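Encoded as structure tokens, the structure appears first; notes follow it.
Every number in this text was worked out from the coordinates using simple rules, so none of it is lab data. Keep in mind that what you see is a predicted model, and the values were worked out from it rather than measured. Note that each Cβ is placed from the backbone with ideal geometry, even for glycine, and that neighbours are counted across all protein chains shown.
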Amino acid sequence: MKERNSDTEIKKLHLDFENLDKLNYLTKRLQSVIMAAENEIEFFANISNLFMDECGYKFANIKIIGEESKKEGKESAKIENFQLKKNFESNFSVPILYGSSRMGTLNLYSDRKNAFKKDERNILEKLAGDIAYGFYILRLKKERDKALKSHEEALLNTIKAFVTTMRKRDPYTAGHQQRVTELALAIGDKMGLDKNCIEGLRIGAMIHDIGKINIPGEILNRPGKITRHEFEIIKPHSQLGHEIIEGLNFPWPVGKMILQHHERIDGTGYPKGLKGDEIITEAKIIAVADVVEAISSHRPYRVALGIQAALTEIKNRKGSSFDSQIVDICVELFEKQEFHWENSHSFLENITA
Ligand SMILES: [Fe+2]
């Protein structure tokens with residue numbers, strides 16, 4: 001993208017406005033400032049600055065019809081005062097039209113007499129068309145963001161309902177999911193996963209055992225070792241969890257995280273016996289955090305075995321069951337005391353943190 005013109009170029013642009021090359025240049029500059037704008041205020045400011053800095057106009061502003069009308073009123077009063085003070089010699093207002101609907105007006109002020117000749121006005125009308133298009137796109141983006149936000153809020157409320165149900169029915173699993181989430185996020189963070197990926201990991205880890213909702217409480221909470229038969233009943237929980245959240249349309253691969261959290265990179269896991277890169281990174285992280293939490297914590301059927309036993313287990317299965325990099329990072333987190341479980345029960349609050 002070309003940077004701001006030198007003073008000489010600005011002057012030329014002003015004196016020879018109808019030149020096609022300069023019009024092309026200005027159109028490109030206009031497009032780039034339109035694309036760069038994040039919101040309407042920035043959009044108006046960028047365009048006004050472009051007309052003042054690069055076209056040599058003394059003052060420029062955009063008045064939009066509709067929701068900005070209150071602000072426009074104040075803005076308009078400011079301009080009138082400014083105009084009186086600065087003694088503009090000429091001005092020109094261009095309607096900003098999208099199709100047949102008028103979106104607003106581009107107002108330009110010059111310190112030259114009769115600055116806005118026919119050719120210049122024609123060019124400004126063309127540029128106003130680009131502004132209208134840019135403004136239309138910006139409004140579409142705003143509506144899309146609003147819809148996405150409300151969709152995300154609805155999803156988070158669904159997750160909260162899942163977590164609350166789990167907490168009441170099976171406090172062990174609910175606590176386990178919370179602690180797995182804390183460790184998984186620490187691993188993901190140390191791996192350098194981006195913010196969006198971390199957010200997805202948080203949701204996936206928080207409900208990775210949601211499929212256990214279907215397993216009788218007597219099996220999940222009874223003291224004593226799980227029998228072979230009981231294990232066969234527990235095993236489908238990753239598949240069932242995937243089915244429960246199917247259709248929720250998460251912006252992250254939450255379904256795969258749930259479905260794959262018992263897969264192992266050597267293909268010995270379940271339900272599908274996936275190998276290596278067939279398993280997504282988030283599921284590999286949850287798998288390690290899941291095992292470490294399960295071994296180190298108290299369970300209805302045994303006392304806690306402690307973190308050292310858990311770390312020995314994942315080190316022994318590094319590169320076979322578990323991803324080597326994830327194991328190394330997890331071990332380092334504990335050995336360097338960079339991670340510890342929070343012991344809090346505020347996982348509902350954590351959802352929206
Ligand atoms: Fe599980």
Contour minus Cα-Cα distance for Lys118 and Ala309 (0.36 nm per residue) = 60.4 nm
Cα-derived Rg over Rh, computed across segment 164-232 with Rh taken as Kirkwood radius = 1.08
Segment Glu89-Thr165, length gained on full extension (0.36 nm per residue, minus Cα span) | 20.3 nm
For segment 90-106, what does the Karplus curve 6.51 cos²θ - 1.76 cosθ + 1.60, with θ = phi - 60°, yield as ³J(HN,Hα) per residue in whole Hz, taken in order and with x for Gly and Pro?
-> 7, 8, 8, 10, 10, x, 9, 10, 10, x, 9, 8, 8, 8, x, 9, 9
Relative to a virtual label point 7 Å from the Cα of Gln239 in the Cα→beta-carbon direction, which members of segment 140-180 show backbone nitrogen distances below 15 Å?
-> none
Rg ratio (alpha-carbon, reference 2.2 N^0.38 Å) - segment 149-351 = 0.96
Could you list which residues have their amide H under 5 Å from that of Ser90, counting only those 5 or more apart in sequence or on another chain, with H placed in the peptide plane?
-> Ser110, Arg112
Using amide H atoms built 1.01 Å from N in the peptide plane, name the residues 5+ places from Tyr98, or on other chains, whose amide H lies under 5 Å from its own.
-> Met103
How large is ³J(HN,Hα) for each residue in segment 129-137, as worked out from phi by the Karplus curve 6.51 cos²θ - 1.76 cosθ + 1.60 (θ = phi - 60°), to whole Hz, x for Gly and Pro?
-> x, 5, 4, 4, 4, x, 5, 4, 4
Can you give the FRET efficiency for Phe231 and Ser320, using 1/(1 + (r/R0)^6), R0 = 25 Å, r = Cβ-Cβ distance, to the nearest 0.05?
-> 0.75
Inter-part gap, Cα centre of segment 161-186 to Cα centre of segment 253-314, in whole angstrom, is 15
Close Lys-Lys pairs in segment 190-307, where close means Cα under 27 Å and separation is 8 or more or interchain = 24
Protection-proxy order for peptides 42-52, 272-282, each taking the mean of Cβ atoms within 10 Å per residue, highest first = 42-52, 272-282
